[in-house]
Amino acid sequence: MLIVMRHGATEAEIQRVVAVIQEMGYQAQPMPGAQRTAVGLVGNDGRVDASRLEGLPGVTEVIHVSKPYKQVSREWKADSTVIHFPNGVTVGGADVVAIAGPCSVESERQIVETARLVKEAGASILRGGAFKPRSSPYSFQGLGRPALRFLEKARAETGLLVCTEAMDIEGMGWVAETADIVQIGARNMQNFSLLKAAGRCGKPVLLKRGMAATITELLLSAEYLLAEGNRDVILCERGVRGFDPITRNLLDLTAIPVVHKLSHLPIIADPSHGTGLRDQVLPMARAAVAAGADGIIVEVHPAPDQALSDGAQSLFPSQFAQLMKEVRVIAEVTGRRMAEPAPVGA
Ligand code: PEP
Ligand code: MN
């Protein structure tokens, strides 16, 4: 529930609303806005009797949020969330961000070289898994903690921000220390204890849609992060299980405008996992930007044929450079522009 204060409501009136909400056994979240302040009521599961709040001085309106996800919804916050990184890169505003890099960090040399190449092509965030969720226990599981050091090295050399996955609560602390964005993978979208830990990790989170998750379930998982106090959440459409094995997944680009309508959170697309096929990544990246995605996340490897994971969907660096050229044009015709990588040390 949202308690909207009238324009010019005093601090004492706002505090009175906060106190009554707390007396009722809920949490109050004052949200100052450009026009007026609203006080969010959280902690309820179901409709709350608003009669004690409606009559308080300074209150102009009480809005019942109709969606099961509250803080994530546009009813709760009409303005789109823009995430600001210390080096000036933003996600969720007018800029379209490109996150690129290998599926897995394989060596210092591989990640530093990839970072240089994707930066040259215009990416502003480097991806690369240190901890890999693999379907088979015999597949490469990631280098683990040493890979985090290699990602730090790549960041120091290129100035790119780093996005990398936390697979479990044990690794969350290590990952959050290194990462600029902590990725929660598709398989963990409904790992609720991990979501709570991510909500408290102190870094922006990239939450990928589960391969059999509805959009409502994706938004409810994001609600876990906001409920723990983390407002810097980026959603990611990475394809859902389809019936046709010709592609790895079915990239549901409808999710982009649907999420923009239902939520204020930014949403990016992953055409690499969404298709599983190198030659389908470029057209689907173009389509994602045309559909209004706030960014794309693309797997790029200096030698995809030798990649230890997801080689078949990883682009050669020259293909990524071409992709960036083409999505730049699409961004411009939709009134946006591709984010520029920040200089080293920014
Ligand atoms: C990845 O980004 O390499 C990955 C494992 O993604 P997802 O969780 O979407 O499968
Ligand atoms: Mn991958």
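The values are calculated or read from the model by the stated rules, or taken from the named source; none is laboratory data. Just so it is clear, the model here is predicted, and its values are computed rather than measured. Note that each Cβ is placed from the backbone with ideal geometry, even for glycine, and that neighbours are counted across all protein chains shown. Accessible surface is based on the protein model in full, side chains and every heavy atom, while ligands, DNA and RNA are left aside. Shrake-Rupley method; radii C 1.70, N 1.55, O 1.52, S 1.80 Å.
Once both axes come from the Cα atoms, what is the angle between helix 145-158 and the longest principal axis of the chain, in degrees from 0 to 90, rounded to 10? Between the helix axis and the principal axis of the chain, the angle is about 90 degrees.
Report, in degrees rounded to the nearest 10, the 0 to 90 angle that the Cα long axis of helix 169-178 makes with the longest principal axis of the chain. Taking the Cα atoms of the chain, the angle to 169-178 is about 80 degrees.
The ratio of the alpha-carbon radius of gyration of segment 137-263 to the globular-protein estimate 2.2 N^0.38 Å is 1.10. Using a cutoff of 8 angstrom between alpha carbon atoms and counting only pairs six or more residues apart, the relative contact order for segment 1-105 works out to 27 percent. Grouping the Cα pair distances of segment 12-155 into 10 Å bins from zero gives a pair-distance distribution of 10, 26, 19, 17, 19, 10, 1 percent in increasing distance order. Here segment 4-152 exposes an accessible surface that is 49 percent carbon and sulfur, computed with a 1.4 Å probe and the other protein chains kept in place.
Averaging the sequence gap over all C-alpha pairs within less than 8 Å and six or more residues apart, then dividing by the number of residues, gives segment 282-344 a relative contact order of 32 percent. The calculated Kirkwood hydrodynamic radius for the chain is 20.9 Å, given to one decimal from all distinct C-alpha pairs. If the segment from Asp45 to Thr247 were pulled out straight at 0.36 nm per residue, it would be longer than the present Cα-Cα gap by 68.8 nm. Helix 108-121 and the longest principal axis of the Cα set of the chain meet at an angle near 70°. When the Kirkwood hydrodynamic radius is evaluated over all pairs of different C-alpha atoms of segment 107-198, what value in angstrom, to one decimal, is obtained? Value: 13.5 Å, from the Cα pair sum.
Helix content alone sets the calculated 222 nm mean residue ellipticity of the chain: runs of n ≥ 4 DSSP H residues at -39500 (n - 2.57) each, divided across all residues, give -10500 deg cm²/dmol. Only Cα pairs under 8 Å and 6+ residues apart enter the sum, and on that basis the relative contact order of segment 165-286 stands at 19 percent. In terms of overall dimensions, segment 21-81 has a Cα radius of gyration and Dmax of 11.7, 31 angstrom.
Pairwise Cα distances in segment 207-346 exceed 25 Å in 31 percent of cases. Here r is the Cβ-Cβ distance between Glu326 and Ala94 and R0 is 22 Å; the resulting FRET efficiency, rounded to 0.05, is 0.70.
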